[in-house]
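Please read the structure below before turning to the comments.
Readers should treat all values here as calculations from the given coordinates under stated rules, not as data from a laboratory. Keep in mind that this is a model prediction, so the values were computed, not measured. Don't worry about glycine lacking a Cβ; one is built from the backbone with ideal geometry, like all the others, and counts go over all protein chains shown.
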Amino acid sequence: MEQQEQESLVKKERIQKVLARSGLGSRRQIEKAIKMAQIYINGKLVELGQTLNEGDIVNWKNRKWVIEPQDQDLKILMYNKPLGEICTRKDEKGRPTVFDNLPELKRERWINVGRLDINTTGLILFTNDGGFANHLMHPSTKIDREYACRVFGDVDQIKLDNLRNGVELEDGFAKFNDIQQAGSGEANQWFHVVLLEGRNREVRRLWESQDLKVSRLKRVRYGGVFLPKKLRMGQFQEFTRGEKNILLQDVGYKVKEVEMVARFLK
């Protein structure tokens with residue numbers, strides 16, 4: 001199943017194009033070698049125009065190459081941000097950042113999909129594809145974000161209606177697309193709220209517009225991606241090929257197909 005999912009992002013190409021891209025000769029030279037019955041794939045003679053699959057073994061000139069994707073595959077991971085981390089790569093004050101605990105990438109870098117302020121915890125997505133990150137954050141995509149909020153103060157129906165219908169903030173009109181009560185204590189109540197955008201401190205500012213204070217805030221969902229209960233703060237989890245395909249389809253994003261190359265086997 002995993003192999004089938006991976007092939008969906010890998011572009012099948014003719015052997016002469018892949019070998020030429022890999023520096024094994026010009027297309028004309030490779031086509032000539034195929035016509036002269038000099039190249040084998042998986043022990044069988046190649047036909048002109050034949051396509052390659054990942055994992056195929058090419059034999060030519062008494063040497064072997066394995067066909068594999070270039071290191072440009074889309075990567076996505078989720079991270080459970082702890083309290084006190086900031087969403088920048090470096091901080092002049094030496095504070096910890098969300099990038100400190102992420103795995104290293106070769107010749108690439110992680111791009112965060114949106115931000116959470118220093119006092120907000122929970123789900124952040126990261127990717128190595130800037131186009132994909134911009135697509136997820138763009139208002140036209142209309143991806144909803146869900147937050148768990150602990151709110152201090154007297155929350156009545158009038159205030160909830162105001163937040164559902166919308167209020168004017170200093171940077172424009174804003175509202176919660178959904179509000180669900182999720183428990184209460186002596187002095188505070190828990191709510192799950194949903195936004196279709198990610199303006200700076202928008203959740204907190206919406207509650208503050210009703211003279212209410214958010215004492216804890218955690219993002220628990222970004223679109224169809226839920227923060228797993230088993231993912232502890234400060235930990236990350238990389239998407240499987242199948243999970244990536246589901247998310248790409250869900251948000252309507254088409255990834256540039258991954259080109260294949262031939263890697264020499266010693």
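Worth pointing out:
- Choice from E197, E243, E146 showing the highest fluctuation, given a GNM over the chain with Cα pairs closer than 10 Å: E243
- Just checking the listed ones, F236, F99, F226: in the Gaussian network model of the chain with Cα springs under 10 Å, the one fluctuating most is F226.
- Under-5 Å amide H pairs with S184, H placed in peptide plane, nonlocal only: W190
- Overall form of the range 9-58 per C-alpha gyration tensor (a/c, 1.5; a/b vs b/c): oblate
- Computed from point charges on the beta carbon alone (+1 for Lys and Arg, -1 for Asp and Glu), the dipole magnitude for the range 144-222 about its Cα centre is near 400 Debye.
- Legend: translational diffusion of the range 49-136 by Stokes-Einstein, Rh = Kirkwood radius over C-alpha pairs, 37 °C, 0.692 mPa s; D = 207 µm²/s.
- Anisotropy class of the range 144-222 from Cα gyration tensor, a/c 1.5 cut: oblate
- Mean residue ellipticity, 222 nm, helices only, the chain: the sum of -39500 (n - 2.57) across DSSP H runs of n ≥ 4, divided by residue count and rounded to 500, is -6000 deg cm²/dmol.
- Residue separation of D250 and K230 scaled by 0.36 nm, minus their Cα-Cα distance, works out to 4.8 nm of gained length.
- If you model the range 201-266 as an ellipsoid using its alpha carbon gyration tensor, with each semi-axis the square root of five times an eigenvalue, the axes come out at 39, 16, 11 Å, biggest first.
- Each principal axis of the Cα cloud of the chain was taken in turn, and the coordinate range along them, longest first, works out to 84, 38, 32 Å.
- Residue (of N162, V203, Y147) at the positive-pole extreme of the range 144-222, dipole from beta-carbon charges: Y147
- The eigenvalues of the Cα gyration tensor, multiplied by 5 and square-rooted, give the range 83-126 an equivalent ellipsoid with semi-axes of 18, 13, 8 Å from largest to smallest.
- Residues of type lysines that K81 reaches as a straight line, Cα spacing below 22 Å, ignoring anything fewer than 8 places off in the same chain: K90, K93, K213, K218, K229, K230, K244
- Full extension of the chain between S184 and D100 yields a length gain of 26.7 nm, computed as 0.36 nm times the residue separation minus the alpha carbon distance.
- Of all the options L217, L231, L45, the one that moves most in a Gaussian network model of the chain with Cα springs shorter than 10 angstrom is L45.
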